Amino acid sequence: MFYDLPKPLEFAKQICSILKKNGIMFTATLNRSFTSYIKAIIGAEYILRWLPIGTHSWENFVSPDYLIQILKKNNLQLETLDGMKFNLIKNEWSLSSDKSVNYIGKFIKN
């Protein structure tokens with residue numbers, strides 16, 4: 001199931017409250033960038049029709065820097081952050097250095 005993150009600060013507080021010390025949190029989300037708007041909303045929803053129109057709210061996308069910032073304030077330290085890219089020909093996802101659309105992160109609770 002997919003969810004937008006309209007209140008990332010509240011999300012960070014809730015996650016931190018349930019994670020034990022040295023607990024691990026993985027995130028996978030969309031960057032709040034022009035590229036993500038074009039590819040995730042215009043491309044995936046309107047052009048390719050992979051998702052119902054209205055699935056994503058660009059206003060609720062979170063940039064990697066902002067995610068790291070709010071999680072750090074809530075005692076979660078970044079361990080890794082990678083981009084994700086989709087290969088249309090192979091119909092598969094792979095890791096990438098490009099975080100402009102999709103990215104995944106691993107955070108550890110202090």
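The values are calculated or read from the model by the stated rules, or taken from the named source; none is laboratory data. None of these values were measured; they are calculated from a predicted model. Positions of Cβ are generated from backbone atoms using ideal geometry, with glycine treated the same way; all protein chains shown enter the neighbour counts. For accessibility, only protein heavy atoms count, side chains too; no ligands or nucleic acids. Shrake-Rupley method; radii C 1.70, N 1.55, O 1.52, S 1.80 Å.
State whether the residues of segment 2-25 include one that is on the phi < 0 side of the Ramachandran plot, open to solvent by less than 40 Å² (accessible area, probe 1.4 Å) and among the polar types (S, T, N, Q). Talk me through it step by step, then tell me what you get.
Taking segment 2-25 as the starting set, the residues that turn out to be on the phi < 0 side of the Ramachandran plot are 2-21, 23-25.
Subset that is open to solvent by less than 40 Å² (accessible area, probe 1.4 Å): 8, 12, 15-16, 19, 23, 25.
Imposing the further condition that a residue be among the polar types (S, T, N, Q) reduces the set to none.
Within segment 2-25, not a single residue is on the phi < 0 side of the Ramachandran plot, open to solvent by less than 40 Å² (accessible area, probe 1.4 Å) and among the polar types (S, T, N, Q).
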Handout entry: Number of positions in segment 26-38 that are open to solvent by less than 80 Å² (accessible area, probe 1.4 Å) and in contact with a Gly (Cβ under 9 Å, 6 or more places away or on another chain)
Key = 3
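Grab the strands (runs of 3 or more DSSP E) fully contained in the chain, keeping just those with 1 or more residues being over 13 Å from the mean Cα position of the chain (by Cα) and small (Gly, Ala, Ser). Please lay out each step first, then the result.
Values: elements: 24-30, 76-87, 92-96, 102-109.
Ranges flagged: 92-96.
Out of 68, 41, 53, I need the residue that is among the aliphatic types (A, V, I, L, M) and either touching a Cys at 6+ places or on another chain (Cβ under 9 Å) or surrounded by fewer than 17 Cβ atoms within 10 Å (Cβ to Cβ) (or both). Which one? Show your work before the answer.
Working: 68 fails: either touching a Cys at 6+ places or on another chain (Cβ under 9 Å) or surrounded by fewer than 17 Cβ atoms within 10 Å (Cβ to Cβ) (or both); 41 fails: either touching a Cys at 6+ places or on another chain (Cβ under 9 Å) or surrounded by fewer than 17 Cβ atoms within 10 Å (Cβ to Cβ) (or both).
Exactly one residue qualifies, and that residue is 53.
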Problem - Candidates 81, 5 - the one that is out of contact with any His (no Cβ under 6 Å at 6 or more places or on another chain) and modelled with pLDDT of 95 or more - result: 81
